[in-house]
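Student: Below is a structure I'd like to ask you about.
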Amino acid sequence: MVNGSELSGAFWLLDSGASHHFTGDIGDFASYNELKRVQYAKMANGVALIAGIGTVLLWCLDHNSGDERVITLTQVLHMPGATAHLISMGEMLQCNYRVTGNKRGISLTHKAECLWFGPDPEDDRNVIFGIRSIPIIRSNYIASVSKVDYNIMHWRFRHPSKEVFQRAQKHTQCFPEIHFPTEDCVCPGCALGKMPN
């Protein structure tokens, strides 16, 4: 099972008051298009510049199966002044997701898929719900290393386990085929990271 420390991206909040998905961090995008002309969006505290639009990959738990899933958010606005990462509940409802929830979290269900939005780890009251993005698996980054072996992929993606790569292959479109080594060898970087100070 993939754990949060291996996929430690931004925490995306589910917001019933947001008209669009948006983020202030250009690093969240798997693909991105800069806008040619200036556009603005209305925010709770005024107006914000929209610099671009793109696609973001999110990691979450399928509440029915218990499996981790990668979902794709399209038409995500890049608003450099924004400090939050928001998923528009309205946009999800427009895509035919059904919302249910309780004090442990919120489910968005569409066909056989059930996405689980858990409590924000920084919220002591457990009333804010969201999911984590995947900062290291971006389509342009994958393309730049797709013709190399497992060791190069392991080093470039910050030393994830074989299981992380296997899950990425299963749940990410166009993820390159990786031939895993037959014997388990600890890479020098991983060994160094596990040494006591």
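The values are calculated or read from the model by the stated rules, or taken from the named source; none is laboratory data. What you see is a predicted model; the values in this text were computed from it and never measured. Virtual Cβ from ideal backbone geometry, glycine too; neighbours counted across all protein chains shown.
Student: Take the residues in region 71-90 that are part of a strand (DSSP E or B) and crowded, with 20+ Cβ neighbours inside 10 Å; name whichever of them is modelled with the lowest pLDDT. Give the steps one after another, and end with the answer.
Tutor: The initial filter retains those residues of region 71-90 that are part of a strand (DSSP E or B), namely 71-78, 86-88.
Then keep just the ones that are crowded, with 20+ Cβ neighbours inside 10 Å; that gives 73, 76-78, 86-88.
Values: 73: 85, 76: 93, 77: 94, 78: 95, 86: 93, 87: 93, 88: 93.
The extreme case among them is 73.
Student: Filtering region 12-45 down to residues that are among the hydroxyl-bearing types (Ser, Thr, Tyr) and over 14 Å from the mean Cα position of the chain (by Cα), which residue is surrounded by the most Cβ atoms within 10 Å (Cβ to Cβ)?
Tutor: So in region 12-45, the residues among the hydroxyl-bearing types (Ser, Thr, Tyr) come out as 16, 19, 23, 31-32, 40.
Then drop every residue that is not over 14 Å from the mean Cα position of the chain (by Cα), which leaves 16, 19, 32, 40.
On the way: 16: 10, 19: 13, 32: 18, 40: 11.
Filtering region 12-45 for residues that are among the hydroxyl-bearing types (Ser, Thr, Tyr) and over 14 Å from the mean Cα position of the chain (by Cα), the one surrounded by the most Cβ atoms within 10 Å (Cβ to Cβ) comes out as 32.
Student: I need the full set of residues from region 46-70 which are at pLDDT 75 or above, of a type outside the set (A, V, I, L, M) and either under 16 Å from residue 87 (Cα atoms) or surrounded by 15 or more Cβ atoms within 10 Å (Cβ to Cβ) (or both), in order please.
Tutor: 52, 54, 55
Student: I'd like to verify a number: residues in region 91-108 that are surrounded by fewer than 17 Cβ atoms within 10 Å (Cβ to Cβ) and either assigned to a loop (DSSP other than H, G, I, E, B) or of a type in the set (Ser, Thr, Tyr) (or both), how many? Steps first, answer last, please.
Tutor: Taking region 91-108 as the starting set, the residues that turn out to be surrounded by fewer than 17 Cβ atoms within 10 Å (Cβ to Cβ) are 93-96, 98-104.
Imposing the further condition that a residue be either assigned to a loop (DSSP other than H, G, I, E, B) or of a type in the set (Ser, Thr, Tyr) (or both) reduces the set to 95-96, 100, 103-104.
The qualifying residues number 5.
Student: I'd like to know if region 102-114 contains one or more residues that are modelled with pLDDT under 90 and in contact with a helix residue (DSSP H, G or I) (Cβ under 6 Å, 6 or more places away or on another chain).
Tutor: yes
Student: Okay, moving on. Could you check region 127-177 and list, in sequence order, the residues that are β-branched (Val, Ile, Thr) and modelled with pLDDT of 55 or more?
Tutor: Taking region 127-177 as the starting set, the residues that turn out to be β-branched (Val, Ile, Thr) are 127-128, 131, 134, 136-137, 142, 145, 148, 152, 164, 172.
Answer for region 127-177, where residues must be β-branched (Val, Ile, Thr) and modelled with pLDDT of 55 or more: 127, 128, 131, 134, 152, 164, 172.
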